[in-house]
Amino acid sequence: MAIERTFSIIKPDAVKKNVIGGVTQKLEAGGLRVVASRMVRLTEAQAKAFYAVHKERPFYKDLVAFMTEGPVVVQVLEGENAILKNREIMGATNPEKADAGTIRKEFGTNIERNAVHGSDAPETAAAEIAFFFSGAELATLER
Ligand code: CMP
């Protein structure tokens with residue numbers, strides 16, 4: 001199986017709950033490795049651009065407000081089948097519907113304040129990684 005990279009955000013609700021370690025522990029226990037990580041406070045323009053695909057959705061404005069309310073941790077995760085694996089470890093978008101033991105079940109609050117974001121496909125993973133991390137930066141972090 002191919003080694004892939006995916007992109008993850010530990011969202012403001014999870015950072016506020018002091019569970020950066022708890023979230024990361026689940027990612028690592030699931031076989032993923034953090035290969036890049038940075039805490040950032042998103043600007044409104046950054047959050048709008050990152051979630052532009054949702055701009056016609058009724059929840060877009062609230063989502064942008066939520067994602068800018070406090071710092072987040074942006075990460076690049078690596079592992080076998082990392083994109084799908086990360087989605088399994090995160091659980092369903094709505095924490096109420098997420099399986100037991102998943103990040104969103106354990107640390108999410110509701111469909112908006114759902115603790116983490118993860119890329120949904122190889123194309124979005126590449127675009128989302130490039131949105132936050134330069135190739136030069138990633139090269140310096142090679143192990
Ligand atoms: P995420 O995986 O970051 O991708 C888009 C985000 O929009 C999603 O997680 C949720 O935080 C939010 N979202 C998705 N659907 C809804 C919804 N129906 N109501 C409010 N927020 C939503």
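Okay, here's what the table says:
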| quantity | calculated |
| --- | --- |
| Options 57, 143, 113: the member that is exposed (fewer than 12 other Cβ atoms within 10 Å of the Cβ) and near the ligand (Cβ under 10 Å from one of its atoms) | 57 |
| Residue within segment 72-89 that is in contact with an Asp or Glu (Cβ under 8 Å, 6 or more places away or on another chain), farther than 27 Å from residue 137 by Cβ and modelled with pLDDT of 95 or more present | no |
| Looking only at segment 1-37, and only at residues there that are basic (Lys, Arg) and open to solvent by 70 Å² or more (accessible area, probe 1.4 Å), the one that is farthest from residue 107 (Cα to Cα) | 5 |
| Cβ pairs under 8 Å, 6+ apart, first in segment 107-133 and over 12 Å from residue 76 (Cα atoms), second acidic (Asp, Glu) and within 9 Å of the ligand (Cβ to nearest atom) | 112/62 |
| Subset of segment 95-139 [among the small types (Gly, Ala, Ser) and either farther than 16 Å from residue 10 by Cα or in a helix (DSSP H, G or I) (or both)] | 98, 100, 101, 121, 125, 126, 127, 130, 134, 135, 136, 139 |
| Per-region count, segment 19-52, residues in a loop (DSSP other than H, G, I, E, B) and either touching a Cys at 6+ places or on another chain (Cβ under 7 Å) or of a type outside the set (D, E, K, R) (or both) | 7 |
| Number of the condition not met by residue 104 [criteria: (1) open to solvent by 10 Å² or more (accessible area, probe 1.4 Å); (2) closer than 28 Å to residue 140 by Cβ] | (2) |
| Test: residue in segment 75-90 that is without any contact (Cβ under 8 Å) to a residue 24 or more places away in the chain, touching a helix residue (DSSP H, G or I) at 6+ places or on another chain (Cβ under 7 Å), near the ligand (Cβ under 10 Å from one of its atoms) and open to solvent by less than 70 Å² (accessible area, probe 1.4 Å) | no |
| Any chance residue 1 is more than 12 Å from the ligand (Cβ to nearest atom) and modelled with pLDDT under 95 | yes |
| Condition check for residue 50: modelled with pLDDT of 95 or more, buried (at least 16 other Cβ atoms within 10 Å of the Cβ), within 13 Å of the ligand (Cβ to nearest atom) and over 28 Å from residue 4 (Cα atoms) | no |
| Looking only at segment 116-125, and only at residues there that are of a type outside the set (D, E, K, R) and within 15 Å of the ligand (Cβ to nearest atom), the one that is surrounded by the fewest Cβ atoms within 10 Å (Cβ to Cβ) | 121 |
| Matching entry among 91, 79 (being closer than 20 Å to residue 17 by Cα and among the small types (Gly, Ala, Ser)) | 91 |
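Results for (1) aliphatic (A, V, I, L, M); (2) farther than 20 Å from residue 45 by Cα; (3) crowded, with 16+ Cβ neighbours inside 10 Å, shown as yes or no for each residue.
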| residue | (1), (2), (3) |
| --- | --- |
| 66 | no, no, yes |
| 92 | yes, yes, yes |
| 100 | yes, yes, no |
| 127 | yes, no, no |
| 130 | yes, no, no |
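The values are calculated or read from the model by the stated rules, or taken from the named source; none is laboratory data. Computed from a prediction, not measured in an experiment: that's the story for all the values here. Cβ coordinates were reconstructed from backbone atoms using ideal geometry, including for glycine residues, and neighbour counts include every protein chain displayed. Heads up: the accessible areas ignore ligands, DNA and RNA and are worked out on the full protein's heavy atoms, side chains in. Shrake-Rupley method; radii C 1.70, N 1.55, O 1.52, S 1.80 Å.
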